[in-house]
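One structure below.
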Amino acid sequence: MSPAPSSGKDSAAARILGSGTSGIAELFIFHPVDTVAKRLMSNKTKVSQTGLSTVIFREHANAALSRKFLSLFPGLGYAAGYKVAQRVYKFGGQPWFRDLIDKHFKTEFTNTFGERKGKLMMQAAAGSLTGIGEVVLLPLDVLKIKRQVNPEAFRGRGFARILAEEGTALYRGWGWTMARNAPGSFALFGASAFTKDYVLGVEDYAKATWGQNFVASVAGAVASITVAAPLDVVKTRIQQANFEKKVSGVTVVRDLVRNEGAGAFFKGLTPKILVVGPKLVFSYTLAQSLIPLFSQYV
């Protein structure tokens, strides 16, 4: 297959292939860390009382090291579907929303924030809209979380049977998911754009170097995870319950504050922050490298 003539714009197929490959690679490397974070967020007792190993490895706490590691890969099939779809949507969706805002609302943003800040705010707003739209992928996220923290909820049922029996129950917590994603994605793309523009002096974000993307990705990811952390804890606890058990977000918040204190809203934040730099840098850099490469052929 020979390279296709460059049109100056990455094709939809190249974006899908590049971002999808990035999602698969990210999944196999970072899924264990995600499982640890989810289990810490779902734990309702003080770690000092239960033992950190028991919280993280569950029934495999006393097993061999290799068995412990494999126990951090529950729900890998659901996670694969979710992560690949999420990365394709996020990498391809945000530029689409950005173009839409630029076409119809650029004047309003420029008049309100000025030329430079308006450009940054359009990036952030497009990220927020992308984050809200991620709610369509919620069923895969719900199944992934349940497999990670509450595998008994499946009771031997397969994917097709769960879809048939649970239906809209798989969208439980959709409001809290949107509430988390909107500011989280706003912070992700906004902080990244701010870092490129105001810290690194990059005017054309698409022409940022690998090193510049590295710094901007870390800044955006840390801001996003921190801003979304409280709502992420609430969302996770709603989704990890058994299918037949309906738990409202208000109930989760009330019980969490009463039994664990306000600090519990940030459970699991430390491991997510520790991995967020290499995770986001890895997936973003790989996608940004592969998309132009695939554009030469598709």
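Every read-out reported here was derived from the displayed coordinates using simple, explicitly stated rules and does not represent laboratory data. Computed from a prediction, not measured in an experiment: that's the story for all the values here. So basically every Cβ, Gly included, is an ideal-geometry build from the backbone, and we count neighbours across all protein chains shown.
What are the pairs with Cβ atoms under 7 angstrom where one residue, in the stretch 104-122, is closer than 20 Å to Pro183 by Cα and the other, located anywhere, is of a type in the set (Phe, Trp, Tyr) and assigned to a helix (DSSP H, G or I)? Sequence gap at least six, or different chains.
Partner pairs satisfying both residue conditions: Gly118/Phe109; Leu120/Phe194; Met121/Phe109; Met121/Phe113; Met122/Phe109.
Considering each residue of the stretch 182-206, count those that are without any contact (Cβ under 8 Å) to a residue 40 or more places away in the chain and either over 17 Å from Arg116 (Cα atoms) or outside any helix (DSSP H, G or I) (or both), and give that number.
Residues flagged as without any contact (Cβ under 8 Å) to a residue 40 or more places away in the chain and either over 17 Å from Arg116 (Cα atoms) or outside any helix (DSSP H, G or I) (or both) within the stretch 182-206 amount to 5.
Which one of these does Asp204 not meet: (1) buried (at least 16 other Cβ atoms within 10 Å of the Cβ); (2) closer than 21 Å to Gly127 by Cβ?
Unmet condition: (1).
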